[in-house]
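The values are calculated or read from the model by the stated rules, or taken from the named source; none is laboratory data. Everything numeric in this text was worked out from a predicted model, so none of it was measured. Don't worry about glycine lacking a Cβ; one is built from the backbone with ideal geometry, like all the others, and counts go over all protein chains shown. Heads up: the accessible areas ignore ligands, DNA and RNA and are worked out on the full protein's heavy atoms, side chains in. Shrake-Rupley method; radii C 1.70, N 1.55, O 1.52, S 1.80 Å.
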Amino acid sequence: PEAAAMVSRMLKTVVDSGTAQRLRYGFGLYGSIAGKTGTTQNQSDGWFLGYTPRLVTGVWVGAENPGIHFRTLYRGQGSSTALPVWGSYMKKVRADRNYRNLFYGNLNLPNDSLQQLMACPPYLPEMPLLADMWALYRENPGLFNQLFRSLQRADSSELQPLEFKPRRPFESQEAYFQRMANYNERLREREERRLKRKEFWSRLLFGESRSDKGTPEEQ
């Protein structure tokens, strides 16, 4: 029961201030609601699973063929596709005198001591890391720019996103930059392996891959 109450507390935060807060300001649903949005790769599937104290409902928006999907995450994410269906449905449940009792009630939340332990900030900006990176850039901008250029693909016209971890205590600039270079190279290789696996399963399941389809002009 304690674990279930803690999960409800976290999923209620999703509705109060997270990816499902549209239920509050967009649909006017201010009761005890918890839930979770979900989006699969390439925006092929949008999900929203939500529940009140007496009713659990899941909504899925997608197609049987995952090749049919939204082109952008903005349009295809669960909060844009499945959540509005759930919100409209729940508004009708609340308005129907035969079912409105399913909407009202209180979720079983943790006791006061557990609530206090879970009272962490909902968002923590990564200012220490950004400040550290800015300090390193000011100390040696040439070395910093050299690292940045070395981590970009020479055969790509687009900049590749880079990831940086905090600098370790007593770590020199050169050691830090080298560690970040190796780290991003591992991430790049992991992404290449993921794309190869995706290409393999695409050929196996659908008989074609993205490269087989050609450019939009050729299609």
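Observations, loosely collected:
- Cα-based reach from K198 at 25 Å (exclusive), listing lysines while leaving out same-chain residues under 8 positions away: K213
- Label positions at R22 and N101, each projected 7 Å from the Cα along the C-beta direction, are separated by 3.3 nm.
- Efficiency of FRET from Cβ geometry, M118 and R179, R₀ 30 Å, rounded to 0.05: 0.30
- Of the solvent-accessible surface of the stretch 24-78, computed with a 1.4 Å probe and all protein chains present, 55% belongs to carbon and sulfur.
- In this structure, M6 and Y89 have a Cβ-Cβ separation that, at R0 = 35 Å, corresponds to a calculated FRET efficiency of about 0.80.
- Of Y30, Y99, the residue with the largest accessible area leads and the full order is Y30, Y99 (1.4 Å probe).
- At an R0 of 25 angstrom, the distance between the Cβ atoms of E199 and R75 translates into a FRET efficiency of 0.50.
- Hydrodynamic radius (Kirkwood) for the stretch 1-122, which is based on Cα pairs only, to one decimal in Å: 15.2 Å
- Packing here is the average count of other Cβ atoms within 10 Å per residue, and on that basis the peptides 106-112, 55-61, highest first, run 55-61, 106-112.
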